[in-house]
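For reference, the structure is listed below as structure tokens.
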Amino acid sequence: MRHLLLAACFLICNVAAAQRLPEERTWILKSDQLALLNGFTFPTVQFSLEKKISDHFSIAPELGVQLYSFNTYRPDTVFVKPGGYRAGIELRCYDPFGLLLGKKKKSESQNGYYLSLNLFYRQNRYNSSVAYMKSGVTDTIYSDCFWGRKKAMGINLLFGVQKNMGRRLVIDLYGGLGLLSRKIKNFSREYDAVNDEQDLPLDLTIDGVLTSAGLEENSGVIPNLTLGIRLGLRL
């Protein structure tokens, strides 16, 4: 009888655990899929951990590390091993319009449309090269290889939607705009942006954009566009 009672309790506990609603799991571990393919800054293996604060609000720290590079262009001289990291934190509000109207959130927490404020910092080092013409010499193209270090911090306002894909899996799609302040420093560079003229391709190319973005004279504050797809697991 005792064994039968223990077996019944074990069965009831398992059934109850299986029937728990997704909202009872207040932690979500997510990986950003587009960060893996980001060739405009640097690709990162990036994770975030979202924690429910209330029915409408959650907070999520994130961290990404660069483990590889795409090498869309290969300078003749390699000075450093490319590498970098990204850290940030996001404050998220689900059903923001309902919150403004004083409505109680009816669907499960951490699910549905949201607005969020995302603060981040990133830093990386890279090898690059630039083709240029010296002042007064237009018939010779010089190639200068150098390495650089870029530090950037920014803030984004994001709009997205997070949906359950079963009991524990979630998908998170978002996009947003913000401001980015970057500080770039080049090392072992001979090209002088004041006296020399950069030899740019006639057509807009990814290599040209990346080369220009890595020059220290392009430091400063610029608009920032961000898109992302995160896959997550409720813990």
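Okay, here's what the table says:
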item	result
Region 87-127: number of residues that are of a type in the set (Lys, Arg) and surrounded by 15 or more Cβ atoms within 10 Å (Cβ to Cβ)	4
Residue within region 133-142 that is hydroxyl-bearing (Ser, Thr, Tyr), in a strand (DSSP E or B) and surrounded by 15 or more Cβ atoms within 10 Å (Cβ to Cβ) present	no
Selection status of Ile206, β-branched (Val, Ile, Thr), more than 18 Å from Gly84 (Cα to Cα) and modelled with pLDDT of 90 or more	no
Some residue of region 166-187 being closer than 27 Å to Ser116 by Cβ, free of Cβ contacts under 8 Å to residues at least 12 places away in the same chain and surrounded by fewer than 17 Cβ atoms within 10 Å (Cβ to Cβ)	yes
Failed item, numbered, when Leu177 is tested on (1) under 27 Å from Gln33 (Cβ atoms); (2) assigned to a loop (DSSP other than H, G, I, E, B)	(2)
Which numbered condition Ser188 fails, given (1) touching a Phe, Trp or Tyr at 6+ places or on another chain (Cβ under 8 Å); (2) on the phi < 0 side of the Ramachandran plot; (3) of a type outside the set (Lys, Arg)	(2)
Unmet requirement for Met153, which otherwise passes all of (1) under 17 Å from Phe42 (Cβ atoms); (2) surrounded by 14 or more Cβ atoms within 10 Å (Cβ to Cβ); (3) touching a Gly at 6+ places or on another chain (Cβ under 9 Å)	(3)
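A quick yes/no check of all residues on (1) modelled with pLDDT under 90; (2) within 16 Å of the chain's Cα centre (by Cα); (3) within 19 Å of Leu179 (Cβ to Cβ):
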position: Ser107; (1), (2), (3): yes, no, no
position: Arg122; (1), (2), (3): no, yes, yes
position: Tyr126; (1), (2), (3): no, no, no
position: Arg149; (1), (2), (3): no, no, no
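The values are calculated or read from the model by the stated rules, or taken from the named source; none is laboratory data. The structure presented is a predicted model; accordingly, all values stated were derived computationally and were not measured. Virtual Cβ from ideal backbone geometry, glycine too; neighbours counted across all protein chains shown.
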